[in-house]
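Working notes, beginning with the structure itself.
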Amino acid sequence: MPGRTVTYRPHHRALPVYSVGDENLGVGPSFGNSAAWINTKGSGAIERVFSIELGESCVGAVGVRYGGYGRSLRMFEIRQTLHDQPFVGLRQDAPGEVEIHPAYQRRRFSIGGATDVSETIFLPVGPDFSDPPIAYFSIDLRNRDIVPYILRVVGSARLRGTLPGDLSVRFDKALNGLVAFNRSIPDAVRIFAVSKPPDRYAATFDFGSFYEPSHVDPLPNSTDATGDVLGALQLDLSLEPNQNYTLTFAIGAYGRGEAKAIADFKRDVDYGAAFQRTVAYYEDELQRGHVVTPDPAVNDGALWGKANMRRVMAAYPHGRAFTNDPGVSSNVVVRDACWFIYGCDHFMPGFSRQMLDKVTQMQYGNGKLPEYWDGVDGHREDYGLNINDNTPLFILATNHHFRASGDLDWLRRVLPAVVKAARYIISQMDERGLVICDAKDPRGDVWAICSWRNIIPGYTLNGAVTEINSQCAAALRAAAHLIENCGGSPRDAQELRDASVRLRQAMDAHLRNPANGLYYLNVDLEGNVHTDVTGDEVFPVMFRVCDEETGFRVISRLNSPDFWTKAGLRTISRDDPLYDPSSNFGLLGGVWPGLSWWYAFAAARYYPDVMVTALRSSTVHYTEDPKAKNTVPGQFGEWFDGESLVNRGMRLSPWEPPRFLWAAVEGICGLMLTTAKPRINPLVPAAWKWLGLRRLPYHGGELTYFAVRQQGKFRVYATSDFDTPHEGHTYAEDVSSDVTVFSESAAIVALRRPKEVAVLIGNVGLQTTAVPFNLGRIIDTHKVYQMRIYDSERDAWEQFNGQRGDQLASLAMSVEMHGYRLMELSET
């Protein structure tokens, strides 16, 4: 079954899709916009509609039933009109196909032997974060028969969601739908409408009739039922032979009363163009920070990671941010927000800025950062910890964003908060020079764990924790640099730099295990030394607060069978006495993909091959057997059972995708952010011959570059000045989008400067492929060119002189698996 369950259809001019047999999908994808979040079911129904404004699921399951005209004998009776008649229930004829696209889910099947059905679910998304809280469920029907069909379509929605079961419902003819509100919360309003006038409607407790297999009853045209009711809309229609028919249900969730809800729904609902606008938006937005390598799993992970990130970006009453548990919680965890920025800076830096500014506002007066704030009501929580990773990560995220944006004015505005946070870290250092967490809460869990693994029931992790000390050492070093970048006080910068050095020295003296050369997990408040070797060993390496020998030893130790699975890195060793692969949220033996990608970044300079293995492992696992593994192709699940590798966490975990993109861009692609020119030094396996990175946001503009291996050395081509230890070539612009390529197994990166063009054609497939392409829009067909082509298979250049542009416009080349062809053209 693995390898056959999911079909992946990449495309060079549009976004890719996964196609899955609906019998092979246990749960459906999730979608979000700035105002709402929806989960879908493996059956194709909507599971719930969550309001960002209210922080609650306002609507539960939304589904559609189909019926064909006809009566069973037991239902035989005379009815006045067609709409009064019971119809025979129609189930799908055979397993259907689910198409998962970054912007939508589409399910295709047939009913009645000759009617094709296509159901599309999506949330409208646009560039300005003012999306409406409206989910769409669109249906396309086509009659393939030679005779007409009469069909009944009934859409239903459980209107309560997670709010109290005290609903009142009324039918609104002008809206073609139902309006519902809670009597105890009258501001919470739902609108369930359809694009064409319904023939009948209902608010009902008759749940059973909506899955009765033998018949589809007519709705009673009554909304007298109140409480935990289903809202339903009925449409009866006739389909002529070869006729297509489209209708769309819309589900709105509002939080400011009925009058405003109706006004907003009328203004925003768009049954015709909302879908096309959403797809066009995703097609443009996801091209930023576009990673292209010879490994399609890495490329897919980077692209779908951006799609996942965009889905969770929300506009809360208390700022633009995301929650680590979408559709359930409105808590914005500072740790997760900071790690999100590491990836988001390479994709949508404007969102990074807005979220980081909000994090700054949430800082306590003493400089500490909270564990989270509530996006709906704004309250903060720190779980009573004197320090955790949130405070150093705030500094590190600020440093990352500044180096990605180059915005010195912004840095000057936030620098006081950075310095305050750095001084707070220093205030938590003991006489040994270590940062100490003094949590002793007997409840354990979040109140007594100083770590990213802070939700282990009954667990305590306090005192001098290697993870936190590593982050604090790096944060103090970064804060010193930021002061210098702003032209601040040299004395202040030196103070923080000295504190960072002292902390690193204290780690070497007190947190290194002389028995194995690795780090202790922690030395607790009672002085007990915990020698546990866990995935948290990556932190000193990742933040460069250990020497190279120790870093190599850490990466080598974690690259062992007791930690590794085919889906990624276990959080602790399989041989650890605490190992429990399926409980404790996977934090004592489960596989968290994000940890694998931290490891990938840390391993990059030691083991490029291992880095690629770490990046691709969980990404591939998401698609191999979705129903058995409880995953959704194209979505980054939260954590896997350490033995069965079944996903036991969220089907879309918001804090995993940005770490993948960060590791791909700054690990594999070798981009180093600086305050000036970028530095480029790819870190790739020896077998890789090329890679590229397109439209990366950098210092207010966009950077595109590619690197090719030639006779054992790299040549790097980029659209701006850059530093590199390799041979470098600077071009003026990225013209890749103007090159037409007729192969799904090829990636094109094309750069141009006056009178010269460089075109990389890389093979991203699994075999040698012929690549037809057209350069007609990037060269002058009336000019004559000198051209040379580098053949990676021969590892040599081939020269062609006196080539007319019209002869070069349309070409084809054969490219070996993992190989490339590089064309350099110059006008004569």
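The values are calculated or read from the model by the stated rules, or taken from the named source; none is laboratory data. All values reported here derive from a predicted model rather than from experimental measurement. So basically every Cβ, Gly included, is an ideal-geometry build from the backbone, and we count neighbours across all protein chains shown. Surface areas here come from the heavy atoms of the whole protein model, side chains and all, with no ligands, DNA or RNA. Shrake-Rupley method; radii C 1.70, N 1.55, O 1.52, S 1.80 Å.
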Name the residues whose placed amide hydrogens come within less than 5 Å of the amide hydrogen of LEU159, ignoring near sequence neighbours (fewer than 5 apart) on the same chain. GLY60, VAL229, GLY231
Pop out the carbon and sulfur fraction of the accessible area of the chain as a percent, whole number, probe 1.4 Å. 49 percent
Could you work out the relative contact order of the chain, using alpha carbon pairs under 8 angstrom and six or more residues apart, expressed as a whole percent? 10 percent
Any lysines whose Cα falls less than 29 Å from that of LYS783, other than same-chain ones fewer than 8 residues away, would be LYS755
Amide H contacts under 5 Å for SER745, restricted to residues at least 5 apart in sequence or on another chain and with H modeled in the peptide plane, are none
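Determine the dipole magnitude for the range 360-403: charges of +1 sit on the beta-carbon of Lys and Arg, -1 on that of Asp and Glu, nothing else is charged, the reference point is the Cα centre, and the result goes in debye to the nearest 20.
280 debye
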Between GLY527, ASN774, PRO392, whose Cα lies farthest towards the positive end of the dipole of the chain when Lys and Arg beta carbons carry +1 and Asp and Glu beta carbons carry -1, centred on the Cα centre? ASN774
Karplus-derived 3J(HN,Hα), 6.51/-1.76/1.60, for each residue of the range 36-43, Hz, glycine and proline x: 8, 9, 10, 9, 10, 9, x, 6
Which cysteines in the chain lack any other cysteine whose Cβ sits under 4.7 Å from their own Cβ? CYS58, CYS338, CYS344, CYS472, CYS486, CYS546, CYS669
Would you please report the Å³ per residue occupied by the convex hull of the alpha carbon atoms in the range 83-172? 194 Å³
J(HN,Hα) series, the range 603-620, from Karplus relation 6.51 cos²θ - 1.76 cosθ + 1.60, nearest Hz, glycine and proline x: 7, 3, 7, 9, 9, x, 5, 5, 4, 5, 4, 5, 5, 7, 4, 5, 4, 5
For the range 157-232 and the range 306-365, what is the centre-to-centre distance using only Cα atoms, to the nearest Å? 35 Å
Which loop-located trypsin sites (Lys or Arg not before Pro) does the range 9-64 contain, where loop means any DSSP state but H, G, I, E or B and the Cβ has at most 11 other Cβ atoms within 10 Å? ARG13
Reachable lysines from LYS173, criterion Cα separation under 20 angstrom, eight or more residues apart if same chain: LYS196, LYS260, LYS266
Report the trypsin sites (Lys or Arg not before Pro) located in the range 540-640 that are in a DSSP loop and have at most 13 other Cβ atoms inside 10 Å of their Cβ, or state none. LYS566
Could you state the angle between the C-alpha long axis of helix 548-558 and the longest principal axis of the C-alpha atoms of the chain, as a value from 0 to 90 degrees rounded to the nearest 10? 40 degrees
Counting only residues 5 or more places away or on other chains, whose amide H sits under 5 Å from the amide H of GLU638 once H atoms are built in the peptide plane? GLY649, MET650, SER653
Excluding residues on the same chain fewer than 8 positions from LYS306, give the lysines whose Cα lies under 28 Å from its Cα. LYS41, LYS358, LYS566, LYS627, LYS629, LYS677, LYS689
Work out from phi, with θ = phi - 60° and the Karplus expression 6.51 cos²θ - 1.76 cosθ + 1.60, the ³J(HN,Hα) of each residue of the range 301-307, listed in order in whole Hz, and give x for Gly and Pro. x, 5, 5, 5, x, 5, 4
Restricting to Cα pairs under 8 Å and 6 or more apart, the percent relative contact order of the range 646-704 works out to 19 percent
Sum up the charges of everything whose Cβ sits under 11 Å from the Cβ of GLY42, counting Lys and Arg as +1 and Asp and Glu as -1, but leave GLY42 out. +1
What do you get for GluC sites (Glu not before Pro) in the range 370-440 restricted to DSSP loop and a cutoff of at most 10 other Cβ within 10 Å of the site's Cβ? GLU431
Extension gain from SER19 to ASN681, taking 0.36 nm per residue of separation minus the Cα-Cα distance: 234.7 nm
Only helical DSSP H runs with n ≥ 4 go in: add -39500 (n - 2.57) per run for the chain, normalise by residue count and round the 222 nm mean residue ellipticity to 500 deg cm²/dmol. -7500 deg cm²/dmol
Throw me the Rg/Rh for the range 415-568, computed over C-alpha atoms with Kirkwood Rh, two decimals. 1.00
Between SER427 and ARG91, what is the spin-label point distance in nm, taking each point 7 Å from the Cα along the Cα→C-beta axis? 6.6 nm
Counting only heavy atoms of the protein chains, get the accessible area per residue of the chain (1.4 Å probe) and round it to a whole Å² value. 35 Å²
Given the C-alpha centroids of the range 399-452 and the range 458-490, what is the distance between them in whole angstrom? 6 Å
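Apply 1/(1 + (r/R0)^6) to the Cβ-Cβ distance of HIS379 and GLN243, taking R0 = 60 Å, and write down the FRET efficiency to the nearest 0.05.
The formula returns an efficiency of 0.60 here.
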